[in-house]
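**Q** Can you keep this structure in mind? I'll have questions shortly.
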Amino acid sequence: MPSFDNSSSETYDIPSPTPISSMNYDDCAAEKLRIERRIAYLRQEQAANARSGMEGSDAANGGLDRRIASLYNRSDAVDNHTRAMDAEYHAVVPQNTGYASVGRQRSSQSPPAPRAPNTSPQR
């Protein structure tokens with residue numbers, strides 16, 4: 001029975017419908033994994049074409065090379081977006097933790113409550 005495997009079709013190279021600029025960390029990780037798997041599959045296709053000795057396999061592999069390069073470019077864009085999110089996170093976290101904030105005046109806070117004396121028998 002003939003196989004109708006068309007998984008080497010360019011249709012499977014289509015990126016996620018979510019624009020990279022709108023992706024969160026989980027979306028970026030999922031997209032990276034999808035790209036890595038797709039590149040691995042296309043590399044296997046290239047090897048199969050080379051082993052088959054079919055006429056025109058060089059042209060087919062050239063097309064696969066272009067598709068792989070496009071996937072690598074998308075992977076780089078996802079990496080850049082992840083680094084940008086990291087930089088934004090590291091710029092915001094110190095402000096939220098109070099270490100880098102200068103707007104808060106300690107004098108505006110109420111004084112600490114008095115502590116109860118230590119009546120523990122152990123000293």
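The values are calculated or read from the model by the stated rules, or taken from the named source; none is laboratory data. Quantities reported herein were computed from a predicted structural model and do not represent experimental measurements. When we count neighbours, we look across all protein chains shown, and the Cβ atoms used for this are built from the backbone with ideal geometry, even at glycine.
Let's see how each residue does on (1) of a type in the set (A, V, I, L, M); (2) surrounded by fewer than 12 Cβ atoms within 10 Å (Cβ to Cβ); (3) in contact with a helix residue (DSSP H, G or I) (Cβ under 7 Å, 6 or more places away or on another chain); (4) under 22 Å from residue 83 (Cα atoms):
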{"site": "27", "(1), (2), (3), (4)": "no, no, no, yes"}
{"site": "40", "(1), (2), (3), (4)": "yes, yes, no, no"}
{"site": "49", "(1), (2), (3), (4)": "no, no, yes, no"}
{"site": "52", "(1), (2), (3), (4)": "no, yes, no, no"}
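**Q** Quick one: how many residues across region 1-32 are of a type in the set (Ser, Thr, Tyr), assigned to a helix (DSSP H, G or I) and either at pLDDT below 90 or touching a Gly at 6+ places or on another chain (Cβ under 8 Å) (or both)? Steps first, please.
**A** Just the residues of region 1-32 that are of a type in the set (Ser, Thr, Tyr), to begin with: 3, 7-9, 11-12, 16, 18, 21-22, 25.
Narrowing further to those that are assigned to a helix (DSSP H, G or I): 11-12, 21-22, 25.
In the following step, the residues that additionally are either at pLDDT below 90 or touching a Gly at 6+ places or on another chain (Cβ under 8 Å) (or both) were identified as 11-12.
Residues in region 1-32 being of a type in the set (Ser, Thr, Tyr), assigned to a helix (DSSP H, G or I) and either at pLDDT below 90 or touching a Gly at 6+ places or on another chain (Cβ under 8 Å) (or both): 2 in total.
**Q** When you look at residue 67, is it basic (Lys, Arg) and touching a helix residue (DSSP H, G or I) at 6+ places or on another chain (Cβ under 6 Å), yes or no?
**A** For residue 67, the condition - basic (Lys, Arg) and touching a helix residue (DSSP H, G or I) at 6+ places or on another chain (Cβ under 6 Å) - is met.
**Q** Residues in region 93-114: is at least one at pLDDT 85 or above, of a type in the set (A, V, I, L, M, F, W, C), assigned to a helix (DSSP H, G or I) and surrounded by 11 or more Cβ atoms within 10 Å (Cβ to Cβ)?
**A** There is no residue in region 93-114 that is at pLDDT 85 or above, of a type in the set (A, V, I, L, M, F, W, C), assigned to a helix (DSSP H, G or I) and surrounded by 11 or more Cβ atoms within 10 Å (Cβ to Cβ).
**Q** Considering only region 33-68, how many residues are farther than 17 Å from residue 78 by Cα and part of a helix (DSSP H, G or I)?
**A** Within region 33-68, residues that are farther than 17 Å from residue 78 by Cα and part of a helix (DSSP H, G or I) number 23.
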